[in-house]
Amino acid sequence: MRYGPFVTVQAHGLTLDTVLDEPIDWRYKSFPADPPTRIRDVRSRGWNVLGRDFLPPVMVLKDSALRHNSKLVAAYCKRHDFLLAPHGKTTMAPQLLKLQLDDGAWAVTAATMSQVRVWRAMGVERVILANELVEPAAIRWVARELDADPRFDFYCLVDSIAAVRLMDAALNEAKLGGRLQVLLEVGPQGGRTGCRTHAEAFEVARALAGSQHLALAGVEAFEGVIDAPNLTATLHAVDDFLQDMRTLVQELDDADLFGQAPAVMVTAGGSAFPDRAVACLGGEWSLSRPVRLVLRSGCYLTHDAVHYKQLSPFGGRLPETGRLVEALEVWGAVLSVPEPGLAILGFGKRDVPHDLELPVPRLVKTPGPQPPIPLRAEASITKVMDQHAFLKVSAEANLKVGDLVGCGISHPCTAFDKWRLIPVVDDGYVVIDAVLTYF
């Protein structure tokens with residue numbers, strides 16, 4: 001299969017064959033109302049999402065774009081001596097993570113312990129939990145997992161003495177045999193989690209040095225929450241923050257607070273500013289041990305039509321990096337043209353992301369065998385309701401009830417969670433695979 005299994009035998013007795021054997025039936029919206037077929041057999045059905053097979057609305061993944069994007073960012077990281085730990089929360093799709101791992105990803109990043117459990121069930125051996133770990137049940141699960149599988153390479157974040165004490169006590173109760181690797185998190189003023197000052201960071205690092213079950217393995221940050229009045233000011237603020245993070249790492253090493261860690265992990269880099277992480281954290285270091293540089297971008301795999309297209313260096317901000325290609329589209333039927341200049345499309349908040357920007361109308365497909373064509377008329381989606389989108393369009397578009405309109409989306413992280421199963425299409429919209437998500 002194109003998005004086949006991770007390995008033959010997994011830590012939990014599972015393989016991706018479990019996913020590929022999933023029957024496609026009435027549980028999965030948009031897919032044809034045909035007799036059930038397994039995901040592994042989708043290609044043989046000859047379905048086309050813009051033909052008469054599917055029940056719109058439908059979100060599609062473009063195979064050629066996925067593969068281009070995966071290889072582009074993997075090559076970028078390799079060129080700059082960074083490891084790649086893509087953020088799995090974007091897709092929560094083991095088949096897509098398999099593609100990224102095959103292209104050289106070093107680990108997967110997760111945001112919650114439920115997500116960590118998904119990746120472990122699929123046999124992933126290296127996971128970064130880019131979040132604090134303070135819930136007792138979650139700590140106990142991690143302790144059991146680490147004791148049961150010596151190959152499990154796990155990291156989580158810590159930003160307070162309170163969290164150090166809580167974790168140490170819970171791990172002591174769970175009788176963890178070794179030590180849990182943690183990354184000291186730093187954060188910008190007004191941001192999310194993370195120590196705000198070097199003094200706070202040193203207090204936490206010293207607490208870690210005196211803990212029984214924790215080991216300081218490196219320093220982590222997420223610069224994507226930094227927002228200034230314009231892009232130039234934001235980039236300057238991001239650079240200042242990451243340079244300060246680099247200084248902190250050096251100071252912690254000078255104070256010998258990384259203990260017995262064989263290498264120091266330094267990790268940052270969301271999907272908007274990975275180039276700034278490379279510029280500020282890359283290059284030569286003068287530490288007492290090797291540095292392991294890790295980027296954790298997630299949305300690069302599908303890119304988008306607005307948010308990351310505007311912010312990402314791969315969206316055109318830095319032409320020399322190469323360009324990502326949009327891999328996600330949402331298609332909906334024109335349900336009604338109730339008044340001049342307004343068409344109502346058959347998708348809404350249940351189907352498309354709407355937290356940053358609304359979908360961008362791009363293509364129109366009229367009934368019949370002809371391929372879709374660009375929507376050349378002036379058009380914009382102005383509002384979405386639960387199952388409807390309001391398309392403002394000029395008269396020359398000549399949209400008719402029953403036409404299909406294809407749209408780019410913004411913010412992939414809030415697109416995948418709306419679809420349990422997503423068709424993968426070739427450039428002619430023929431379905432060649434289907435991707436199962438686990439939210």
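Where a number appears in this text, it was derived from the coordinates with a stated rule and is not lab data. Given the structure is predicted, the values throughout are model-derived calculations rather than measurements. Quick reminder, even Gly has a Cβ in these numbers, built from the backbone with ideal geometry, and neighbours come from all protein chains shown.
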**Request:** Report the label-to-label distance for residue 285 and residue 378 in nanometres (one decimal), using points 7 Å from each Cα along the Cα→Cβ vector.
**Result:** 5.3
**Message:** Just want to confirm a number: the relative contact order over the chain, from Cα pairs under 8 angstrom separated by 6+ residues, in percent.
**Reply:** 18
**Item:** Amide H within-cut-off set for residue 180, under 5 Å, with H built and near neighbours excluded
**Value:** 214, 215
**Prompt:** Going down the list 392/418; 71/349; 309/349; 349/392; 349/383, which pairs span over 20 Å between their C-alpha atoms?
**Reply:** 392/418; 71/349; 309/349
**Complete:** Within the chain, the percent of DSSP beta bridges that are antiparallel, given to the nearest 5, stands at 55
**Message:** Of 361, 155, 20, which is farthest towards the positive pole of the chain's charge dipole, taken about the Cα centre with +1 and -1 on the beta-carbons of Lys, Arg and Asp, Glu respectively?
**Reply:** 20
**Request:** Give, in nm to one decimal, the length gained when the segment between residue 17 and residue 317 is fully stretched (0.36 nm per residue of separation minus the Cα-Cα distance).
**Result:** 104.0 nm
**Fill in**
For the range 63-321, using Cα atoms only, the Rg and Dmax in Å read 17.8, 53
**Prompt:** Where a ≥ b ≥ c are the square roots of the eigenvalues of the C-alpha gyration tensor, would you call the range 138-185 rounded, which needs a/c under 1.5, or, failing that, prolate if a/b is larger than b/c, or oblate?
**Reply:** oblate
**Item:** Most mobile of 262, 374, 229 in a GNM of the chain (Cα contacts under 10 Å)
**Value:** 229
**Prompt:** Among 198-206, 108-116, 266-274, 91-99, what's the highest-first ranking by average C-beta atoms within 10 angstrom per residue?
**Reply:** 266-274, 91-99, 108-116, 198-206
**Asked** Just from its helices, what would the mean residue ellipticity at 222 nm be for the chain, if runs of 4 or more DSSP H residues each count -39500 (n - 2.57) and the sum is divided by every residue, rounded to the nearest 500 deg cm²/dmol?
**Response** -8000 deg cm²/dmol
**Item:** Length added when fully stretched, residue 64-residue 149, from 0.36 nm per residue minus Cα-Cα
**Value:** 26.9 nm
**Message:** Let's test the formula: R0 of 30 Å, r as the Cβ-Cβ distance of residue 169 and residue 121. What FRET efficiency results, to the nearest 0.05?
**Reply:** 0.60
**Prompt:** Relative contact order (percent) for the range 63-321, with alpha-carbon contacts under 8 angstrom and 6 or more residues of separation?
**Reply:** 18
**Item:** Ordering of 295-304, 178-187, 398-407 by packing [mean C-beta count within 10 Å, highest first]
**Value:** 295-304, 178-187, 398-407
**Request:** Can you tell me how much longer the chain between residue 137 and residue 394 gets when fully stretched, taken as 0.36 nm per residue apart minus their C-alpha distance, in nm with one decimal?
**Result:** 86.9 nm
**Fill in**
A correct Kirkwood calculation over the Cα atoms of the chain returns a hydrodynamic radius in Å of 23.2
**Dipole moment magnitude, nearest 20 debye, the range 63-321 about Cα centre, only Lys, Arg, Asp, Glu C-beta charged** = 720
**Request:** Would you list which aspartates and glutamates come within 17 Å of residue 175, measuring only between C-alpha atoms, while excluding same-chain residues fewer than 8 positions from it?
**Result:** 135, 145, 147, 149
**Prompt:** What is the magnitude of the charge dipole of the chain about its Cα centre, with +1 placed on the Cβ of each Lys and Arg, -1 on the Cβ of each Asp and Glu, and no other charges, expressed in debye to the nearest 20?
**Reply:** 1000
**Asked** In units of 2.2 N^0.38 Å, what is the alpha-carbon radius of gyration of the range 186-281?
**Response** 1.12
**Complete:** The farthest towards the positive end of the charge dipole of the range 63-321, of the residues 109, 197, 288, given +1 on Cβ of Lys and Arg and -1 on Cβ of Asp and Glu, is 109
**Item:** Cβ-defined net charge surrounding residue 291, 13 Å radius [Lys, Arg +1; Asp, Glu -1]
**Value:** 0
**Asked** Just how far, in whole angstrom, is the range 202-243 from the range 421-436 if you go by their alpha carbon centroids?
**Response** 39
**Request:** Pop out the ³J(HN,Hα) list for the range 214-229 in order, Karplus 6.51 cos²θ - 1.76 cosθ + 1.60 with θ = phi - 60°, rounded to Hz; leave Gly and Pro as x.
**Result:** 10, 9, 6, 9, x, 10, 10, 8, 10, 7, x, 7, 6, 9, 10, x
**Request:** Take 438, 76 and order them by how many other Cβ atoms sit within 10 Å, fewest up front.
**Result:** 438, 76
**Complete:** Computed ³J(HN,Hα) along the range 100-117: with the Karplus parameters 6.51/-1.76/1.60, θ = phi - 60°, integer Hz and x for glycine or proline, the list is 5, 5, 4, 8, x, 4, 8, 7, 10, 9, 10, 10, 9, 5, 4, 5, 4, 5
**Complete:** Around residue 368 (Cβ within 13 Å, Cβ-to-Cβ, excluding residue 368; K/R +1, D/E -1) the net charge comes to +2
